């Protein structure tokens with residue numbers, strides 16, 4: 001396994017494989033930023049009995065199908081091909097594997113079509129589903145899969161992060177604040193310190209030196225769902241005593257903004273038609289009202 005927090009699931013599945021008690025349908029679930037897709041890749045390699053470092057998505061292998069969303073959904077046509085593949089005989093591997101990335105993206109037609117294979121799985125065929133949104137799988141799929149939930153231990157994750165930093169001296173150190181801002185997700189934290197994306201404190205402090213339109217444009221360049229999640233978690237830290245510089249509003253006012261922030265993030269997640277620019281303008285305007293000392297609020301809110 002590539003990451004230490006994957007070892008437990010890998011060992012359990014290997015033991016089941018060796019005793020010929022491996023379920024035909026498995027769901028690997030874990031929080032975002034913990035490498036669920038990488039775990040799916042490694043378990044697929046294990047079942048195909050090929051080298052663990054193999055990138056399955058790039059592999060031309062007759063006994064595996066690697067399924068990813070087409071845009072924001074997995075469509076029924078893809079699942080129909082999976083069902084046709086499932087009844088074939090393994091050619092070179094000891095078993096066939098269907099690996100589905102972000103299985104929560106199955107639309108309702110695709111999910112119902114997949115039930116045919118889940119209910120009557122062909123011998124020597126294993127369906128591996130991976131998701132960071134277990135609750136979004138339809139109940140009939142959840143009931144037919146054995147769930148392997150990834151353990152998310154922040155202490156193990158932080159130790160691993162420090163080891164990565166020791167290997168690459170040019171990386172910035174992961175602070176406790178940044179780790180919390182990234183939801184204690186190690187891969188998200190590692191990506192944050194190796195990218196040019198600022199932490200929330202730095203970005204909010206920099207608002208006083210930029211125009212309103214520039215601030216909105218910067219937000220549009222970010223992953224909106226991720227950024228609003230980081231902003232939300234940083235505000236939680238503020239409410240717990242790790243105060244944000246320049247924020248002079250009452251906790252009640254801040255909590256009202258949190259409601260707006262979470263609603264905006266939900267809109268970005270569930271709808272492809274959300275106008276991100278208008279959403280960010282509204283959130284930024286509300287934040288400016290809370291930060292009375294910002295020159296941005298006086299100079300640029302009317303732009």
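Each value in this text was obtained by applying a stated rule to the coordinates, not by laboratory testing. Bear in mind that the values here come from a model prediction, so they are computed numbers and not experimental data. Every residue, glycine as well, gets a Cβ built from its backbone with ideal geometry; the counts of neighbours run over all protein chains shown.
Taking every Cα atom in the chain, find the radius of gyration and the maximum pairwise distance Dmax, and write them in Å.
22.6, 70
Give the span of segment 136-265's Cα atoms along each principal axis, as three whole-Å numbers ordered largest to smallest.
Largest to smallest, the principal-axis extents are 52, 42, 30 Å.
Relative contact order of segment 196-303, please, whole-number percent, based on alpha carbon pairs below 8 angstrom and at least 6 residues apart.
Numbers: 82 pairs, mean separation 44.6, N = 108.
Relative contact order comes out at 41 percent.
Would you mind telling me the antiparallel percentage of the DSSP bridges in segment 4-149, rounded to 5?
5 percent
For segment 1-36 and segment 214-270, what is the separation of their Cα centres, given in Å?
Using only Cα atoms, the two centres lie 34 Å from each other.
Quote to one decimal, in nm, the extra length available between residue 59 and residue 243 on full extension: 0.36 nm per residue of separation minus the C-alpha distance between them. Mind showing how you got there, number by number?
Details: separation 184, 0.36 × 184 = 66.24 nm, distance 4.91 nm.
Taking 0.36 nm per residue and subtracting the Cα distance, the gain is 61.3 nm.
If one takes the longest principal axis of the Cα atoms in the chain, at what angle in degrees, from 0 to 90 and to the nearest 10, does the Cα axis of helix 224-239 lie?
60 degrees
Going by Cα centres, segment 41-72 and segment 92-133 are how many Å apart?
One Cα centre to the other: 13 Å.
With each run of n ≥ 4 DSSP H residues scored as -39500 (n - 2.57), what mean residue ellipticity at 222 nm is computed for the chain after dividing by its residue count and rounding to the nearest 500 deg cm²/dmol?
Value at 222 nm, helices only, nearest 500: -15500 deg cm²/dmol.
Between residue 263 and residue 146, what length in nm is gained on full extension when 0.36 nm per residue of separation is reduced by their alpha carbon distance?
Value of the extension gain: 38.8 nm.
Suppose the chain between residue 153 and residue 282 were pulled fully straight at 0.36 nm per residue; how much longer would it get relative to their current alpha carbon spacing?
42.8 nm
How high is the relative contact order of segment 4-149, in percent, counting Cα pairs under 8 Å that sit 6 or more residues apart?
Relative contact order here is 35 percent.
Which whole-number percent is the relative contact order of segment 154-195 (Cα, under 8 Å, 6+ apart)?
Computed over segment 154-195, the figure is 43 percent.
Take residue 80 and residue 20, extend 7 Å from each Cα along the Cα→Cβ direction, and tell me the distance between the two endpoints in nm.
Inter-label distance under the simple model: 3.7 nm.
Over the Cα atoms of segment 154-195, each weighted equally, I'd like the Debye log10 I(q)/I(0) at q = 0.17 Å⁻¹, rounded to two decimals.
-0.35
Using the alpha-carbon atoms, what tilt in degrees (0 to 90, nearest 10) does helix 7-18 show relative to the longest principal axis of the chain?
Tilt of helix 7-18: around 10 degrees.
For the chain, take the longest principal axis of its alpha carbons; what is the angle in degrees between that and the long axis of helix 36-48, to the nearest 10 within 0 to 90?
Between the helix axis and the principal axis of the chain, the angle is about 10 degrees.
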